[in-house]
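Here, each number is a calculation from the coordinates, and none is a lab measurement. Predicted, not measured: the structure shown is a model, and the values here were computed from it. Neighbour counts run over all protein chains shown; Cβ positions are idealised from the backbone, glycine included.
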Amino acid sequence: MIDYTMNDGHTIPAVGYGVFLMSPAEVEAHLPEAIEAGYRHIDTANAYFNEKAVGRVVKRSGIDRSEFFITSKLFPQDYGHEDCGKAIDATLRRLDTDYLDLLLLHQPYGRYTEAWKTMEDAVAAGKVRSIGLSNFSQAKAQEVLDVASITPAVLQVEMHPYWNQHEMKAFLKDRNVTFEAWYPLGHGDAKLMAEPVFAELAEKYGKSPAQIILRWHLEEGNVVFPKTLNPAHMAANIDIFDFALAADEVARINSLPQKAYYTVTDEPPTFVLQHNDWDAQE
């Protein structure tokens, strides 16, 4: 496993285990398998309704909390200053931890600049070590940058060979923001996996097409969360540190046509406007 150093001086593991769309029971069944395979970076969120299960698994692992890197995310319903402070404390309680390694604003809607200042307060209080954004456009990220005393350490966005986010990276280059990829393998798109470049490089390096894509992410400096409930795939997804792609191979992958699978709209979708009780989880 390798770590990147973020712009605030903290380090972050390059490969993590995301628990999106996993029930608490699935987290308790499969997160221990990921930890056994060697994962220490865990990515959850208030809106995943499984933070309590993540906290239980981490406690039961017998591994010191300091060896884990735990990320969670706040939802727009809690972006007001007072609500945001309460939401941070509630997140820590659900995860049964004294601090978060990384806290993100999950969606770019509502009072996010106000929430950013509250997250800065949480950093000063020692409740959170690093803070960042998720799914923010250039324009909305700039709104945060305009009020920020702490520059976002991370931007988590859709990212894969069909959507390499080079335009967004150029926008944030001077800020040295670390990019995290969701849909790192293209949302299971068989067309992406069937691109000839991945088959050719897989044969050359003795790896699978998925491992070539994950290695491309590392060459690009991305943090990745390849989702799987299969222990064999968990192991394969971190068996990517014994080879490197050449610059021309990375360039060839980056020449693939670009398209996103998901559109982050300017106006909030219905699911963002719903009010949720994050404690209503097992």
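How far is helix 24-37 tilted off the main Cα axis of the chain, in degrees rounded to 10, range 0 to 90?
Tilt relative to the chain: about 50 degrees.
Taking a 25 Å limit on the Cα-Cα distance, which of the listed pairs Lys73/Lys207; Lys191/Lys227; Lys140/Lys259 fall beyond it?
On the way: Lys73/Lys207 33 Å; Lys191/Lys227 18 Å; Lys140/Lys259 21 Å.
Lys73/Lys207, as the Cα separations exceed 25 Å there.
Excluding Asn230 itself, what net charge comes from residues whose Cβ is under 15 Å from its Cβ, given Lys and Arg +1 and Asp and Glu -1? Mind showing how you got there, number by number?
Details: positive: Lys227; negative: Glu26, Glu33, Glu36, Asp239.
Computed value for this residue: -3.
For the stretch 106-169, what mean projected area does the convex hull of the alpha carbons give, in nm²? All intermediate terms of the calculation are to be shown ahead of the outcome.
Values: hull surface 18.2 nm².
The directionally averaged projection comes out at 4.5 nm².
Around Ala53, under 12 Å between beta carbons, what's the net of Lys plus Arg minus Asp minus Glu among the other residues?
Numbers: positive: Lys52, Arg56, Lys59, Arg60, Arg94; negative: Glu26, Glu28, Glu51, Asp96, Glu282.
The answer is 0.
Where both residues lie in the chain, what percent of DSSP beta bridges are antiparallel, nearest 5?
On the way: 4 of 29 bridges.
Expressed as a percentage, antiparallel bridges in the chain total about 15.
Please work out the C-alpha center-to-center distance from the stretch 5-57 to the stretch 122-146 and express it in whole Å.
Taking the Cα centre of each part, the stretch 5-57 and the stretch 122-146 sit 20 Å apart.
Counting pairs of Cα atoms in the stretch 70-153, how many percent are more than 19 Å apart?
Values: 895 of 3486 pairs.
Cα-Cα pairs of the stretch 70-153 separated by over 19 Å account for 26 percent.
Please arrange Val224, Val272 by how many other C-beta atoms lie within 10 Å of their C-beta, fewest to most. Don't skip to the answer; put the middle values down first.
On the way: Val224 28, Val272 17.
Taking fewest neighbouring Cβ atoms as first place, the list is Val272, Val224.
What net charge do the residues around Val123 carry, taking every other residue with its C-beta under 9 Å from that of Val123, with Lys and Arg at +1 and Asp and Glu at -1?
Working: positive: Lys127, Arg129; negative: Asp8, Glu120, Asp121.
Taking every Cβ under 9 Å from that of Val123, the sum is -1.
So what's the back-of-envelope 222 nm ellipticity for the chain, counting only DSSP H runs of four-plus at -39500 (n - 2.57) apiece and dividing by all residues, rounded to 500? Working shown, then result.
On the way: 12 runs with 113 residues, N = 282.
Value at 222 nm, helices only: -11500 deg cm²/dmol.
Each residue of the stretch 139-152 in order: what ³J(HN,Hα) in whole Hz does its phi give by Karplus 6.51 cos²θ - 1.76 cosθ + 1.60, θ = phi - 60°, with x for Gly and Pro?
Residue by residue, the stretch 139-152 yields 4, 6, 4, 5, 4, 5, 4, 5, 10, 6, 8, 10, 5, x Hz.
Could you give the dipole magnitude of the stretch 3-273 about its Cα centre, charging the beta-carbon of Lys and Arg +1 and that of Asp and Glu -1, in debye to the nearest 20? Intermediate results must be reported in sequence, preceding the final value.
Details: 25 positive and 38 negative charges, 58 e Å.
It works out to roughly 280 debye.
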